[in-house]
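The next block holds one structure in the form of structure tokens; read it before the comments.
What follows draws every value from the coordinates through simple rules; no lab data is involved. These numbers come from a predicted model, not from an experiment. Heads up, the Cβs are rebuilt from the backbone with ideal geometry, glycines too, and the neighbour counts pull from every protein chain shown.
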Amino acid sequence: MATAAARPQPVDIPNKLYFRIGDVSRLTGIKAYVLRYWETEFGALSPKKSGTNQRLYRRKDVEMVLEIKHLLYEKRFTIEGARTFLQHRKSHPKASAVAQPPAPAPTQSSLFGPDPGVVAKANERIATVRTELRSILDLLS
């Protein structure tokens, strides 16, 4: 059962131009009122409105709902964490393939100073990045 939670089941999204909120609710398993709430929390989720004020989701909106569902329900992100993750991915598209979730809140032990092992690892990574940037600069010169 743990493997089913680790891999989300793919959803077969019909080849339609627009989906009503009820269709999206059935496809994704998310109730309509939750979808309306997510619209207020996630700027990337913005369905059009018809002349009768019905929400019309496009395929990319349905895919976004599925991604938000995955982040919130399976990866256990908070809404703020999922929003940050999605914004970071949008602003850094190449880094999104290896993007990490936001750092956890500091624990009681880290409130009294940084962990020396973490600082050493960070300094090592900074030195590596600095070396790579210098080599790029040399190539451009």
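Qualifying trypsin sites (Lys or Arg not before Pro) in the stretch 21-62, where qualification requires a DSSP coil assignment and no more than 16 other C-beta atoms within 10 Å, comprise LYS31, ARG58.
Cross-link partners of LYS31 among lysines, defined as those whose alpha carbon lies under 24 angstrom from its own and excluding same-chain residues fewer than eight positions apart: LYS16, LYS48, LYS49, LYS60, LYS69, LYS75. Ordered by the number of other Cβ atoms lying within 10 Å of each residue's own Cβ, fewest first, LEU35, LEU133 fall into the sequence LEU133, LEU35. Relative contact order, whole percent, for the stretch 14-95 stands at 27, derived from Cα pairs under 8 Å and 6 or more residues apart.
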